[in-house]
Amino acid sequence: MDPFDYAAPSSLDEAIRLLAEADGAARPLAGGTDLIPQLSEGRRRARLVVDVKNIPELRQLRFHPAEGLTIGAAVTCAELAESPVVRQLYPAVADACSLIGSVLIQHRASLGGNLANAAPSADGVPPLIVHRAAVRIAGPDGVREMPVEDVCVGPGMTALAPGELIVAFRISPPPEATSSCYVRFTPRQEMDIAVAGAAAAVTVDPSTGLCRTAVIALSAVAPTPVRAPEAEAYLAGKPLTDPHLEAAARLAVRSAQPISDVRASADYRRHLVTVVTRRALLGARNRLAADGRHGTSPGAAGPKEGLSGVAEGGR
Amino acid sequence: MSRKVAVEAVINGAPQAFVCEPRQTLLEVLREGLGLTGTKEGCGNGNCGACCVLLDGRPVPSCLVLAVEAAGRDILTVEGLAEGELHPLQQAFLEHGALQCGICTPGFLIAAKALLDKNPQPAEQEARAWLAGNLCRCTGYDKIIRAVLDAAGRLRSVDPNPKEEAHPA
């Protein structure tokens, strides 16, 4: 690794000042699971590494019944996967956090880092999108918020300006009778990168059982994580029966623009979009069913039919 | 040229001070600076788990931790596992023949300790899932898993009411 200096500021203001003064030559460090290999392999350079894990705003994890969930950008995936609130109310987030890398990686990696790295295959991003998370970004010109959905603009590229830092994610309390699920396909279970992934969040009308809204986001099948609006629109107002979920999964393919690479051909990825989308929808629906009618504790049940979040093809 | 940094940490229960460059990984400083060569370097990029240590009780790949990040933290390496006699995990690995070349063993032992600290009675599938990020290229995994589950039983019989580590949410 080329030499760099290191700072571990304990306040957000100090971190922003350090990042600004370095004029593009500084990199924030959370878990380092992307940054450290990038630095050691020469894929990124840094004159200064700013460790953000001592900044309280980036380490907060709190839930308020009216305001919802706040996830500091540097909170580890392991902490999120263990959190009862995340597991119960935002289960797709817990799914992704228990899939990323390996157990060892999950004890370092963060959602802030996952988003900032902006890999098309990032497992952490589609679950945030389907829960309509906003991200708080601090920079030399102050603090701003934007939807997570708008952050990734291309492979490895984000809408963050130079010197800006992801501080935290904010997710509103889920509507009543809502659940979610994230599923990906990988040839092996650990330390692999999604060939295709899908997150789904569904909200049903508790009196009729019909779908009020469905939000679907796909990973690894486009230059950025993408929504699947045609599939979402199809499900609105319908019962979440297997045939409707299947039909929606087929519509989701229209939102994919996959490439062929070492992991899979574009055609195979399109096929996988239907598979993972159907499984994510099934997982969310089955969690709702396991929970009864109130949508308050779907996390414990998890997806049925052996859908552990790892595609069954990996067994 | 970056400045060298003085770091104080608790390593295997004892306060330690060392000087390192910010670019040095914890793995590098453990092995080359402190002579704690029990922790192994496999892939060097977080894929194999051979360099697993506990950082404040959490299992992490030390090749993806900067040594400067260890300031004020508590680190456990394989050298700190045995207390007078072999740790039950080490004893079980020996008895089950859960190693051949041994390069992956320290990482497995530390990762397994983290599992048993969190969950004293893991199901076989839980143990397999937890350790799936640790690679072994010699023995296959069955003996390792048998050793971990056996050690879990031995640890429970030593302390019939083990406390689960608290992870506040």
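Rule-based calculations on the coordinates, nothing more; no lab input. Values in this document were obtained by computation on a predicted structure and should not be read as measured data. A quick note on method: Cβ atoms are made from the backbone with ideal geometry, for glycine too, and the neighbour counts reach across all protein chains shown.
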Alpha-carbon centroid distance for the pair the stretch A:113-167 / the stretch B:18-72, whole angstrom: 29
Estimated Rh, chain B: Kirkwood, alpha-carbon pairs, angstrom: 16.4
Net +/- balance of residues flanking A:Ala249 in space, Cβ distance below 13 Å, scoring K and R +1, D and E -1: +2
Overall form of the stretch A:120-218 per C-alpha gyration tensor (a/c, 1.5; a/b vs b/c): oblate
Among A:Asp23, A:Asp123, A:Asp150, residue whose mean-square fluctuation peaks in a GNM of chain A (springs only between Cα atoms under 10 Å): A:Asp23
Percentage, to the nearest whole number, of Cα pairs in the stretch B:88-158 over 15 Å apart: 43
Gyration tensor (alpha-carbon) shape descriptor, chain A, a/c threshold 1.5: prolate
Principal-axis tilt of helix A:266-291 within chain A, Cα atoms, nearest 10 degrees: 70
Where labels lie 7 Å past Cα in the beta-carbon direction, separation of A:Asp150 and A:His64 in nm: 2.3
Highest-fluctuation residue, A:Ser121, A:Ser11, A:Ser180 considered, GNM on chain A with Cα pairs under 10 Å: A:Ser11
Cα-based helix-to-principal-axis angle, A:242-252 vs chain A, degrees rounded to 10: 40
Under the span-like rule (Cα at least 30 Å along the axis, Kyte-Doolittle mean at least -1.0), DSSP H helices of chain B: none
Other protein chain Cβ atoms within 10 Å, averaged over every residue that makes up B:125-138: 3
Degrees, to the nearest 10: A:12-21 long Cα axis against longest axis of chain A: 60
Anchor A:Lys238: aspartates and glutamates whose Cα lies under 16 Å away (excluding residues fewer than 8 positions away in-chain): A:Asp205, A:Glu230, A:Glu246
Packing-based ranking, highest mean first, of A:201-211, B:129-139 given that Cβ atoms within 10 Å are counted: B:129-139, A:201-211
For residues of A:102-114, the mean tally of beta carbons on other chains within 10 Å: 6
Cα gyration tensor shape of the stretch A:177-270, rounded if a/c is under 1.5, else prolate or oblate by comparing a/b with b/c: prolate
